[in-house]
1. Cβ-Cβ distance below 7 Å, separation of 6 or more or different chains: which pairs start in segment 40-60 with a residue that is surrounded by 10 or more Cβ atoms within 10 Å (Cβ to Cβ) and end on one that is modelled with pLDDT under 95 and part of a helix (DSSP H, G or I)?
2. Could you please give the count of residues in segment 1-49 that are at pLDDT 85 or above and of a type in the set (Asp, Glu)?
3. What pairs can you find where one residue is in segment 78-89 and in a helix (DSSP H, G or I), the other is open to solvent by 60 Å² or more (accessible area, probe 1.4 Å) and modelled with pLDDT of 75 or more, and their Cβ atoms are less than 7 Å apart, with a gap of 6+ or different chains?
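The values are calculated or read from the model by the stated rules, or taken from the named source; none is laboratory data. Quantities reported herein were computed from a predicted structural model and do not represent experimental measurements. Cβ: placed from backbone, ideal geometry, glycine included. Neighbour counts: every protein chain shown. What goes into the accessible areas is simple: the full protein's heavy atoms, side chains included, and nothing from ligands, DNA or RNA. Shrake-Rupley method; radii C 1.70, N 1.55, O 1.52, S 1.80 Å.
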Amino acid sequence: MKKIKTFFRRIYHIPALKYIVVAVLAVILVGFVDENSVMRHMQNKQYIGELEEEIDRYTRQACRDQEQIHMLDSDPKAIEKIARERYFMKTDDEDIFVLSDDMDRENPFQ
């Protein structure tokens, strides 16, 4: 016990100790505890990356949809083609046989 007391007394008499303690506490506060900490900054940066990927995905989907709309507006046979392929519509004298079930159920216009 006496050795521990002497150790702390020697450390206490170091002139720059208070500056070192304050610097360590500041690094801990800024790095981990604070609302604007480095960890929070890294989490936000990762979340922004995920959102940018989502924006890219929706932008590509919007471009595909715009092309589909343009095709439907310009080509009257495109409407018939989509009605036959995607929605299995037919004329009165036709029969439809479904051979594959590989359709994308989420977006039928792809």
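1. Note: no pairs meet the criteria.
2. 0
3. Close Cβ pairs (under 7 Å, with a partner that is open to solvent by 60 Å² or more (accessible area, probe 1.4 Å) and modelled with pLDDT of 75 or more) amount to 78/71.
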